[in-house]
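Some notes on the structure that comes next.
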Amino acid sequence: MKTFAPTSPSRRQMTGINYREFLTRHDPEKSLVFGKHRAVGRNNLGRITTRHKGGGAKRLLRIVDFQFDKKDIPGRVDSVEYDPNRTAFIGLIIYKDGEKRYMVLPKDIRPGREILISEKAPIIAGNRLPLGALPPGTLIYNIALAPEGKAVLVRSAGSFAEVVAHDGGYATIKLPSGEVRKIKDNAWASVGQVSNEENNLVVIGKAGRSRLLGIRPTVRGSAMNPVDHPYGGGEGRTMRGTRRPKNKWGKGTRGVKTRNRNKYSSKFIISRRTKN
């Protein structure tokens with residue numbers, strides 16, 4: 001982690017990632033980058049649909065491969081790069097046929113390493129195999145839920161899942177949330193732990209740094225007027241005054257389950273995630 005000289009109250013607590021230790025290239029691959037207008041929490045009419053979003057530094061979108069359809073073609077990690085749109089580091093992979101793609105890198109992988117997406121690939125960090133080929137205890141990320149599906153689970157910095165067992169054509173996986181679920185053995189996953197594991201230790205330190213990340217201020221409901229929030233109004237600081245906690249629109253918060261009880265994937269979940 002990188003710390004700063006305490007030249008101001010906010011600087012005293014601020015920390016960051018020492019990118020010079022990890023990154024090997026400053027500018028992204030031009031053919032895999034494009035500009036895009038960010039919605040910043042607004043819909044097509046300009047109305048806010050997700051609060052506390054807006055502004056922020058300009059970003060270029062990197063085309064990151066989550067489909068992983070370059071099977072049985074060896075690739076080489078050419079560089080480790082920063083991606084402003086995700087917490088993990090990405091790497092430029094150059095395949096034997098000359099094609100270049102970005103992928104989310106595992107921990108401790110450096111340029112020059114060879115990666116392979118194959119049913120017979122060695123079980124080493126960065127390689128991608130079907131879940132049925134991975135023994136119990138293997139750490140995995142970039143997990144697909146269907147045989148030819150794209151990677152949808154375990155993609156953020158420092159996260160990993162664990163293969164617990166195999167039974168009846170399904171692999172039992174323990175996810176970072178603590179949830180244990182079954183996924184078909186012929187779905188694919190990458191071996192290892194996602195890079196940039198120090199990301200959760202970063203202390204933002206000051207409001208301005210949040211604004212550069214595109215995070216707008218959050219106002220407490222108790223500081224609003226009665227017309228704006230169920231907690232609003234009153235002289236000075238007042239109690240919540242309602243039977244149970246709720247949001248601005250009266251929907252329940254703090255532990256209220258919102259998952260559909262009849263959701264199709266419920267039969268694959270062995271045990272629910274642990275409460276925070």
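Values quoted throughout were computed directly from the atomic coordinates according to the rules given, and no laboratory measurement underlies them. Predicted model only: the values in this text are computed from it and were never measured. A quick note on method: Cβ atoms are made from the backbone with ideal geometry, for glycine too, and the neighbour counts reach across all protein chains shown.
Computing FRET efficiency as 1/(1 + (r/R0)^6) for Val33 and Arg237, where r is the C-beta to C-beta distance and R0 is 51 Å, gives about 0.55. Once backbone amide H atoms are built at 1.01 Å from N, Ala165 has Thr172 as its partners under 5 Å, excluding neighbours fewer than 5 places away on the same chain. Per DSSP H run of n ≥ 4, the term is -39500 (n - 2.57); total these for the chain, divide by its residue number, and report the mean residue ellipticity at 222 nm rounded to 500 deg cm²/dmol. Helix contribution divided over all residues of the chain: -1000 deg cm²/dmol. Per-residue Karplus couplings for the stretch 220-231, computed as 6.51 cos²θ - 1.76 cosθ + 1.60 with θ equal to phi - 60°, are listed in order as 5, x, 5, 8, 8, 7, x, 5, 9, 7, x, 8 Hz, Gly and Pro entered as x. Listed by chain and number, the aspartates and glutamates whose alpha-carbon sits under 17 Å from that of Lys36, ignoring those within fewer than 8 places in the same chain, are Asp83.
Modelled label positions at Ser222 and Asp78, each set 7 Å beyond Cα in the direction of Cβ, lie 5.6 nm from each other. Under 20 Å from a label point set 7 Å out along the Cα-to-Cβ vector of Ser266, no amide N atom of the stretch 134-170 is found.
Across the stretch 146-159, computed HN-Hα scalar couplings (Karplus, 6.51 cos²θ - 1.76 cosθ + 1.60, θ = phi - 60°) run 10, x, 10, x, 7, 5, 10, 10, 6, 10, 8, 3, x, 8 Hz from first to last residue, x flagging Gly and Pro.
Most tightly packed first, judged by the mean number of other beta-carbon atoms within 10 Å of their residues, the peptides 65-73, 133-141, 153-161 read 153-161, 133-141, 65-73. Shape verdict for the chain, please, from the Cα gyration tensor: rounded (a/c under 1.5), prolate (a/b greater than b/c) or oblate. Cα axes put the chain in the oblate bin. Rounded to whole numbers, the Karplus 3J(HN,Hα) couplings from phi for the stretch 247-254 are 8, 4, 9, x, 7, x, 10, 6 Hz, using 6.51 cos²θ - 1.76 cosθ + 1.60 with θ = phi - 60°, and x at Gly and Pro. For Lys184, list the lysines whose Cα falls under 22 Å from its own Cα; do not include residues on the same chain fewer than 8 positions away. Lys184 reaches Lys70, Lys71, Lys120, Lys150, Lys174, Lys263, Lys267. Near Arg25, the amide H atoms lying under 5 Å from its own belong to Val80; only residues 5 or more places off or on other chains count, and H is placed 1.01 Å from N. The Thr258 and Ile124 beta-carbon pair, evaluated with R₀ = 30 Å, returns a calculated FRET efficiency of approximately 0.15.
In this simple spin-label model, placing a label point 7 Å from the Cα along the Cα-to-Cβ direction at both Glu99 and Ser8 gives a separation of 4.7 nm. For Lys246, the residues whose amide H sits under 5 Å from its own are Thr253, ignoring neighbours fewer than 5 places away on the same chain, with H placed 1.01 Å from N.
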